[in-house]
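A quick write-up on the structure given underneath.
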Amino acid sequence: MTLSIIVPTYNSQRSITELVRRIKLVKITSIQTEIIIVDDASKDNTAKLLKDIPGITYIRHKKNTGACEKRFQYARHYSSY
């Protein structure tokens, strides 16, 4: 079983790298984890920063769809496994 940590983001260039760093510090020994960052078409440098971070899955929307829709869309997708 894998615990998917899904982080929606939009224009988060000032905080996203620190957030990912802190998530990676949390170690859960009994379960595998993955970090999925869903960028809702950020207009700042969020995309550039995230592409340089190893060990994450980065998904970028071409069009802004809103945070609530992102959360439900990926929760539905990953809960089907």
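The numbers here are math on the coordinates, done by the rules we state, and not lab data. Small disclaimer: the values here were computed from a predicted structure and weren't measured. Cβ placement follows ideal geometry from the backbone for every residue including glycine, while neighbour counts extend to all protein chains displayed.
The figures follow:
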item: Cα gyration tensor shape for the stretch 1-62, rounded if a/c is under 1.5, else prolate or oblate; result: prolate
item: Partners for Lys51 among lysines (Cα-Cα distance below 20 Å; same-chain residues under 8 apart left out); result: Lys24, Lys43, Lys62, Lys63, Lys70
item: Placed amide H near Val7: partners under 5 Å, 5+ positions off or other chain; result: Ile36, Ile37, Val38
item: Placed amide H near Ala41: partners under 5 Å, 5+ positions off or other chain; result: His61
item: Relative packing of peptides 1-14, 48-61 - highest average C-beta neighbours within 10 Å first; result: 1-14, 48-61
item: Under the Karplus curve 6.51 cos²θ - 1.76 cosθ + 1.60, θ = phi - 60°, whole-Hz ³J(HN,Hα) for the stretch 20-29, x wherever Gly or Pro sits; result: 5, 4, 5, 4, 5, 6, 6, 10, 10, 6
item: Derived scalar couplings ³J(HN,Hα) [the stretch 4-11; Karplus, 6.51 cos²θ - 1.76 cosθ + 1.60; whole Hz; x for Gly, Pro]; result: 9, 9, 9, 10, x, 9, 8, 6
